[in-house]
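Asks: My structure is below; once you've seen it, I'll send some questions.
Bear in mind that the values in this text are calculations on the coordinates, not laboratory data. Predicted model, so just to flag it, every value in this text is computed and none were measured. Quick reminder, even Gly has a Cβ in these numbers, built from the backbone with ideal geometry, and neighbours come from all protein chains shown.
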Amino acid sequence: MIAEIGHFALILAFAVAIFQMIVPMIGATKGWSGWIDSARPAAIAQFGLIAVSFAALTVAFVTSDFSLKLVYENSHTAKPLIYKISGVWGNHEGSMLLWVLILALFGAAAAVFDANLPPSLRARVLSVQGAIGVAFLAFILFTSNPFWRLENAPFNGRDLNPLLQDPGLAFHPPFLYLGYVGLSMAFSFAVAALIEGRVDAAWARWVRPWTLAAWVFLTIGIALGSWWAYYELGWGGFWFWDPVENASFMPWLIAAALLHSAIVVEKREVLKSWTILLAIMAFAFSLIGTFIVRSGIITSVHSFASDPERGVFILAILGVFVGGALVLYTIRATSMQAKGVFAPVSREGGLVLNNILLAVSCFVVFIGTVWPLIAEMLWDRKLSVGPPFFEKAFTPFMIVTAIVLPLGAIIPWKRGQLRRVAAPLRGALLFAAAIMALVFAISTGHSALAVIGAGLGAWLIAGSVVDLWLRTGNSGWSRLRRLPRADWGKAVSHGGLGVTFIGVSLLMAWQVEDIRVAQVGQGFDVAGYHITLEDVQERPGPNYDATVATMRVDKDGRQVALLHPEKRVYTVQGMPTTEAAIQNGFFRDIYLVIGDPQQGGGWAVRSYIKPFANWIWLGCALMALGGMISLSDRRYRVAAGARQPAPLAQPAE
């Protein structure tokens, strides 16, 4: 009965979404206040109904209702409770229900919190959100219904994919979806602005917090996925340029460009058409990511589905919404007037360069991701595009971005001089040079990546500090404490990017790997550490059997860690997984993996010493924290409401 309630609530939500798509848009066009005001209760009602549906599916998973086909295929009575709950979105149908739940959540949040929006613009924004909801609710109801019953309910289920039975994967998808789907708000604002003829500083102020929130969630989601890959897959890496990893990274890059571009619109009322285009493309790449994950056209361990027919449905949604938005953009683009001019050497010029670098970086990742598919379709050739391509093609753009970011943050609006701008950054440059010299002294004989990456990271961190200090007008610490939170948030985020630069570059340049067959009781040396395989035992888990090793790590005759790597075999699916044992440290990780027993005796053992690994996720956390600090700035909540609507002017940019 609960499942039927969930199904019925989903159908009602579909009907409400149709109402939300049509009625407020007509009302805004005709100026009918009653129809305009209907957008807010419709958005809230749609969210409530989808929440009821999602709760019903969650109850089915928690109670192991195997009469539901989805629960039977993705759950088991022996599975721990947290994975019964995460199993709701650990599959195609349930994850799509989470997708529309978050979509409706953002629509309801806009209805509740954007009280300062002009009623007609809010109605159009919520109408576009409703249209997206109609498309995806139709996709769920007609192709991916999570509430299908089985004629004869089995006694137990097939269990969830063992790779997904991990805390990192329990939280990784919801945060990614909050980012993916959050970019729909930027898209809705862009389309609504094009329809209404409103692209000005107030519009940029309204769209920035929604984009920033989505970017923060994407940052957290990507970091959680990277962290999961690091400790769960057992191959010792944090990023493999997998197609699904790239699918989340591409909208992150475009969203970062959109954030910076919206600043220019807000401050100087230029780059309007470019900012609108970025808002459209940010959501377009979110839909492309959804297509990649669910179509099966590109192989990935992260994929939820491999059904080309459902992939075609998502591709049709992509074509309708993005194609329609681009047509509307083409009609309106020539009427978006820039009210100011600026010299190439200016804050606007720096942000334009930032946008170009981020957009081209996204395009490089996109080409590398889809090129194997293009090659197979056009030339019937199977190609593989791996990390070497991305590292060589993508890294140069990130290097230039890191170089110009501190300069662009402090250069004046409208016009500036590089010599005067660079003067306050001399200390930052000396600090970066000192770090590069230190790293070079340590890493002589290793890759230059460590030297360059550490220097760029130090440059970003020091540049953020200088930027904050300059904003005080050299008036001291009292003024520093009173700076707007948005300034603090920007500095923390840019500094976090620098920390991640240092972590990635030093980890890739300095890590040490050792692969061998070790006998129980045997010790061996790795990068100054003495590692001993003391014991290997078989231990049962709640829904798996585990081979657990005990490995002691000594340094200079003193024990520094006692680690227990595991190799698990999940009994229902018979699928093995690797659980690395990691001794985390601020400056290095000791990373151990136990493999299979060998014919001649002993066990396959992999050992890694990974310097500065945790700096990668520390930097991501700082970037997300900086975004949240900026979101808490009062100007985001109240300033836009004071602006009056301004129509688009006729002369072209």
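Asks: At a Förster radius of 41 Å, what calculated FRET efficiency corresponds to the Cβ-Cβ distance of F8 and S384, to the nearest 0.05? It would help to have the intermediate numbers written out before the result.
Replies: Details: r = 47 Å, r/R0 = 1.14.
Computed FRET efficiency for F8 and S384 comes out at 0.30.
Asks: Continuing with this model, one more query. List the relative contact order of the stretch 512-613 as a percent without decimals, with contacts defined as Cα pairs under 8 Å and 6+ residues apart. Show your work: numbers first, answer last.
Replies: Working: 243 pairs, mean separation 26.0, N = 102.
Contact order relative to length: 26 percent.
Asks: Within the set of other residues whose C-beta is less than 15 Å from the C-beta of F47, count the net charge using Lys and Arg as +1 and Asp and Glu as -1.
Replies: Values: positive: R40; negative: D114.
Neighbourhood net charge equals 0.
Asks: Something else now. Restricting attention to the stretch 566-631, which chymotrypsin sites (Phe, Trp or Tyr not before Pro) occupy a DSSP loop and are surrounded by at most 12 other Cβ atoms within 10 Å? Show your work: numbers first, answer last.
Replies: Values: sites: Y570, F586, F587, Y591, W603, Y608, F612, W615, W617; in loops: F586, F587, F612.
In loop regions of the stretch 566-631 (DSSP not H, G, I, E or B), the sparsely surrounded chymotrypsin sites (Phe, Trp or Tyr not before Pro) are F586, F587.
Asks: Sticking with this structure for a sec: Ignoring everything except DSSP H segments at least 4 long, calculate the 222 nm mean residue ellipticity for the chain; use -39,500 (n - 2.57) per segment, divide by total residues, nearest 500.
Replies: Values: 21 runs with 411 residues, N = 653.
My calculation for the chain gives -21500 deg cm²/dmol from helical runs alone.
Asks: Now for a different question. Trypsin sites (Lys or Arg not before Pro) within the stretch 477-582: which are DSSP loop residues with at most 10 other Cβ atoms inside 10 Å? Please list the in-between numbers first.
Replies: Working: sites: R479, R481, R482, R485, K490, R516, R552, K555, R558, K567, R568; in loops: R482.
Loop-located and lightly packed - R482.
Asks: Note down the magnitude of the dipole of the stretch 168-373 about its Cα centre, charges +1 on Lys and Arg C-beta and -1 on Asp and Glu C-beta and zero elsewhere, to the nearest 20 debye. Don't jump to the answer; show the numbers that get you there.
Replies: Numbers: 11 positive and 10 negative charges, 131 e Å.
With Lys and Arg at +1 and Asp and Glu at -1, about 620 debye.
Asks: What is the sum of charges, Lys and Arg at +1 and Asp and Glu at -1, for the other residues whose Cβ falls under 14 Å from the Cβ of R516?
Replies: Numbers: positive: R606; negative: E513, D514, D525, D596.
The answer is -3.
Asks: Once phi is turned into ³J(HN,Hα) by the Karplus curve 6.51 cos²θ - 1.76 cosθ + 1.60 with θ = phi - 60°, what whole-Hz value does each residue of the stretch 38-43 show in order, with x for glycine and proline?
Replies: Coupling constants for the stretch 38-43: 5, 5, 5, x, 5, 5 Hz.
Asks: Which residues in the stretch 412-443 have a backbone N closer than 18 Å to a point placed 7 Å from the Cα of L470 along the Cα-to-Cβ line?
Replies: 412-433
Asks: From Cα pairs below 8 angstrom and at least 6 apart in sequence, can you work out the relative contact order of the chain, rounded to a whole percent? Working shown, then result.
Replies: Working: 1230 pairs, mean separation 83.8, N = 653.
RCO, the chain: 13 percent.
Asks: Also, quick follow-up: Pick out, from L470, T369, G182, the residue whose Cα sits farthest towards the positive end of the charge dipole of the chain, with +1 on the Cβ of Lys and Arg and -1 on the Cβ of Asp and Glu.
Replies: Going by the charge dipole, the pick is L470.
Asks: For the chain, with only Lys/Arg (+1) and Asp/Glu (-1) charged at the beta-carbon, what is the dipole magnitude about the Cα centre, in debye rounded to 20?
Replies: Working: 48 positive and 39 negative charges, 599 e Å.
The calculated dipole for the chain is roughly 2880 debye.
Asks: Taking the Cα centre of the stretch 1-160 as origin and charging only Cβ (+1 Lys, Arg; -1 Asp, Glu), how large is the dipole, in debye to the nearest 20?
Replies: In debye, rounded to 20, the stretch 1-160 gives about 260.
Asks: Rounded to the nearest Å, what's the spacing between the alpha carbon centres of the stretch 583-609 and the stretch 402-468? Just the number, please.
Replies: 37
Asks: Further question on the same structure: For the stretch 1-160, what is Rg from Cα atoms divided by 2.2 N^0.38 Å, rounded to two decimals? Provide the component values of the computation, followed by the final result.
Replies: Working: Rg = 17.6 Å, N = 160, 2.2 N^0.38 = 15.1 Å.
The value comes to 1.16.
Asks: While we're looking at this one, here's another question. So which aspartates and glutamates can K567 reach, going by Cα to Cα under 15 Å and dropping same-chain residues fewer than 8 places off?
Replies: List returned: D166, E232, D535, E538, D545, E579, D596.
Asks: If you don't mind, there's one more thing I want to ask. Leaving out same-chain residues fewer than 8 places away, which lysines sit with a Cα under 28 Å from that of K30?
Replies: Those lysines meeting the cut-off are K272.
Asks: Additional query: Straight-line reach from K69: which aspartates and glutamates fall under 15 Å, measuring Cα to Cα and dropping same-chain residues less than 8 apart?
Replies: Within the straight-line limit of under 15 Å, K69 reaches these aspartates and glutamates: E4, E93, E151, D159.
Asks: Please identify the chymotrypsin sites (Phe, Trp or Tyr not before Pro) of the stretch 149-200 that satisfy two criteria: DSSP loop assignment and at most 10 other Cβ atoms within 10 Å. Which are they?
Replies: Working: sites: F155, F171, F175, Y177, Y180, F187, F189; in loops: F155.
Filter output for the stretch 149-200: F155.
Asks: Still on this structure, please answer the following. Work out from phi, with θ = phi - 60° and the Karplus expression 6.51 cos²θ - 1.76 cosθ + 1.60, the ³J(HN,Hα) of each residue of the stretch 66-77, listed in order in whole Hz, and give x for Gly and Pro.
Replies: Coupling constants for the stretch 66-77: 7, 6, 7, 4, 5, 5, 4, 7, 9, 8, 6, 5 Hz.
Asks: Select from V492, G130, I411 the residue farthest towards the positive end of the dipole of the chain; place +1 on Cβ of Lys and Arg, -1 on Cβ of Asp and Glu, and compute about the Cα centre.
Replies: I411
Asks: Suppose the chain between A316 and A55 were pulled fully straight at 0.36 nm per residue; how much longer would it get relative to their current alpha carbon spacing? Before the final figure, lay out the partial values.
Replies: Numbers: separation 261, 0.36 × 261 = 93.96 nm, distance 2.89 nm.
Gain in length upon complete extension: 91.1 nm.
Asks: Given a Förster distance of 25 angstrom, what is the FRET efficiency for V62 paired with T571, based on the Cβ-Cβ distance and rounded to 0.05? All intermediate terms of the calculation are to be shown ahead of the outcome.
Replies: On the way: r = 21 Å, r/R0 = 0.85.
So, using R0 = 25 Å, E works out to roughly 0.75.
Asks: Given R₀ = 30 Å, what would the calculated FRET efficiency be for D525 paired with L163, taking r from the Cβ atoms and rounding to 0.05?
Replies: On the way: r = 33 Å, r/R0 = 1.09.
The pair D525/L163 has a calculated efficiency of 0.35.
Asks: Within the stretch 601-618, find all residues whose amide N lies under 17 Å from a label point positioned 7 Å from the Cα of R516 along Cα-to-beta-carbon.
Replies: Once the point is set 7 Å along Cα→Cβ of R516, 601-610 turn out to lie under 17 Å by backbone N, inside the stretch 601-618.
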